[in-house]
Amino acid sequence: MMNFLFGPSADLEIHLDGSDDRKKGDVLLDSGKKEACPVYFDGEAVSGKVNIRLKQSKMEHYGIKVELLGLIEQFSDRSSQHEFLSMARELARPGILTQSCCLEFEFVSVEKPYESYFGVNVKLRYFIRVTVTKRLNDLVKEQDFLVHTLAQYPDTLGGIKMEVGIEDCLHIEFEYNKSKYHLKDAIIGKIYFLLVRIKVRHMEVQILRRELVGVGPNSMSDCETVAKFEIMDGAPVKGETIPIRLFLSGYELTPTMRDVNKRFSVRYFLNLVLIDEEDRRYFKQQEVTLFRRRPNRHRRIAQEQHQSQSADTAQPVHQQPDRSYFHHRSAHFGAKSPAAASGRTAANADGANTANNNDDNEAAVSPGNSDNSSSQSGESNDQ
Amino acid sequence: MSTSTQSAASIQRLQHKRQTLEDAYSPPANFLEIDVCNPETHGVNKDRYTDYEVRMRTNLPVFRLKESSVRRRYSEFEWLRGELERDSKIVVPKLPGKALRLQLPFRGGGDGRFDDEFIEERRRGLEDFINKVAGHPLAQNEKCLHMFLQEQTVDRGYVPGKVRTT
């Protein structure tokens, strides 16, 4: 490709089989452009053709090989790349090409353990790379493709139900119908007010994405508010119930990814935020698991199989609400040293969140917008 | 919209307890109103000072008196702010400015810090301040706030502490 006098001696083009029939998704290329690429699933074969179009009468080469690679790229200053998947095939032995040709390749039963992900600090991509080894410079061409991972959870899993509050000021009970949602699901829930001694102006639900890359001192965390949805405008009183109905298909979401190749995680949280008359925010974050469901056709077949197998359907478990308290983390008030408001508060908060990582389920009161320059825990200030 | 592919049952509202009529029509439990009004200048010539009436009406159980009226001057607001900054974990809002430039002789024009316009501006700032502070759940725990709002005089030699026993 660096043959200044004569230009590239050949054009390489990779064409994946069945790409017209497959579902397509957007891949974010290194150049920043988006390209529609076919979607593959775990275990599927990846096959295709490589078109080599000669620009000169002949081309001498030392071998042509095709590779299927899975790569995790970290965008930190070290810009480390890690190949977690590597398969190679030799397409042609060293020789001379006298005419343009088309070489076929096939990788059977390729294990694709992780889903493609294009994030803020990390990228996970799968691609085919063709290399024509030459004397001076190699010819290289890459073609990306997407991988989706599918999961399935029974519908009868319990939801999330919790009582949260600030003692003698605000007590609410919130409920979400599930703890695991698929990407086209709807979050159905409700907020029940037990005690309202503050002047609430409005309430909203947010979907937060937290991307954690790396471990230890080199770890980077990025928190993004994917969605904000106001569910109540005005001041509630005791005994009122506010419904939540939030459709996930309207937002760009990925499945929850935990510890991918021990390098990064992508986790999602539902953040319930109450804002009072003085712009103070009271919030409770709750982790939810997002997953990608099998397409309709496959799901119906699987359901029929499952129904014929199971003897009786499980009754949905009615959970007793966990008791928890809004955590008065002094870090949220701009003080220098964090301290729990009371021993009882901390104990209850820890005891309630047995199913979820304590570090990630936080609740706090934060000072009004007029008073603080930056808000903690990823809250965005509405300017 | 994907609603057409979801059954009505899967997106139906969750069952909830109906609100009692008593809860629906009772006065709200968050009633708190504080007015800073009736500025009065006391004393003569050099030793003059202005104080304001701080009138409070509330139904919050944390406050001992449901109605109170006290007179406070600017320096006592400053004292309250200092106590809250030190003891409570909140970021305390700012007070309206001190009248430093106006206090210099022959500067500022008019009556300096006893100017009606200045007093009105200060009154508004103090009202905003005290409402923000008194409505904060963590500030409501502080003894200094209760003394400021409900005792006739501010005892600067008090023992700082929290009001709630838990």
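The values are calculated or read from the model by the stated rules, or taken from the named source; none is laboratory data. On a predicted model such as this, the values are computed, not experimentally measured, just so you know. Here the Cβ is made from the backbone with ideal geometry for all residues, glycine too, and neighbour counts use every protein chain on show.
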(request) Return the only residue of B:69, B:10 being more than 9 Å from chain A (Cβ to nearest Cβ) and over 22 Å from residue A:193 (Cα atoms). (result) B:69
(message) Scan segment A:34-51 and tell me whether some residue there is farther than 22 Å from residue A:150 by Cβ, under 21 Å from the mean Cα position of the chain (by Cα) and free of Cβ contacts under 8 Å to residues at least 40 places away in the same chain.
(response) yes
(message) Which pairs turn up if I take residues in segment A:95-112 that are surrounded by 12 or more Cβ atoms within 10 Å (Cβ to Cβ) and look for partners that are not in a strand (DSSP E or B) with beta carbon separation below 6 Å, at least 6 apart in sequence or on another chain?
(response) A:112/A:42
(message) Within segment B:89-166, considering only helices (runs of 4 or more DSSP H) that don't extend past its boundaries, which have at least 1 residues that are of a type in the set (Gly, Ala, Ser) and either at pLDDT 90 or above or closer than 30 Å to residue A:171 by Cβ (or both)?
(response) B:116-134
(message) Return the pair list, or none, for Cβ contacts closer than 6 Å from residues in segment A:235-256 that are closer than 30 Å to residue B:26 by Cα and hydroxyl-bearing (Ser, Thr, Tyr) to residues that are surrounded by 18 or more Cβ atoms within 10 Å (Cβ to Cβ) and at pLDDT 95 or above, at least 6 apart or on different chains.
(response) A:241/A:190; A:241/A:192
(request) Out of the residues in segment B:39-64 that are under 20 Å from residue A:170 (Cα atoms) and among the hydrophobic types (A, V, I, L, M, F, W, C), state the one that is farthest from the other protein chains (Cβ to nearest Cβ). (result) B:63
(message) With the requirement that a residue be of a type in the set (S, T, N, Q) and assigned to a strand (DSSP E or B), what does segment A:25-73 give you?
(response) A:47, A:51
(message) I'd like to verify a number: residues in segment A:184-221 that are touching a helix residue (DSSP H, G or I) at 6+ places or on another chain (Cβ under 6 Å) and not in a strand (DSSP E or B), how many?
(response) 2
(request) Kindly check whether there is at least one residue in segment A:72-79 that is within 13 Å of residue A:128 (Cα to Cα) and either surrounded by 15 or more Cβ atoms within 10 Å (Cβ to Cβ) or touching an Asp or Glu at 6+ places or on another chain (Cβ under 7 Å) (or both). (result) no
(request) Quick one: residue A:207 ticks every box in (1) under 22 Å from residue A:232 (Cα atoms); (2) within 14 Å of chain B (Cβ to nearest Cβ) except a single one, so which number is it? (result) (2)
(message) Suppose we keep only residues that are outside any loop (DSSP other than H, G, I, E, B) and either in the same structural domain as residue A:116 (by the TED database) or among the polar types (S, T, N, Q) (or both) within segment A:251-282. Which one would you say is surrounded by the fewest Cβ atoms within 10 Å (Cβ to Cβ)?
(response) A:265
(request) Output the number of residues of segment A:154-179 satisfying the condition of being of a type in the set (Gly, Ala, Ser) and under 18 Å from residue B:137 (Cα atoms). (result) 1
(request) Residue by residue through segment B:18-38, note down the ones that are part of a loop (DSSP other than H, G, I, E, B) and either within 7 Å of another protein chain (Cβ to nearest Cβ) or of a type in the set (Asp, Glu) (or both). (result) B:19, B:20, B:28, B:29, B:30
(message) Need the failing condition index for residue B:76 against (1) at pLDDT 90 or above; (2) buried (at least 20 other Cβ atoms within 10 Å of the Cβ); (3) touching a strand residue (DSSP E or B) at 6+ places or on another chain (Cβ under 9 Å), just the number.
(response) (2)
(request) Hey, could you check segment A:234-250 for residues that are more than 7 Å from chain B (Cβ to nearest Cβ) and not in a loop (DSSP other than H, G, I, E, B) and say which is modelled with the lowest pLDDT? (result) A:250
(request) At least 3 residues that are of a type in the set (Gly, Ala, Ser) in each: list the strands (runs of 3 or more DSSP E) lying fully within segment A:121-176 that qualify. (result) none
(message) Let me confirm something: among A:212, A:253, which residue is under 23 Å from residue A:146 (Cβ atoms) and within 14 Å of chain B (Cβ to nearest Cβ)?
(response) A:253
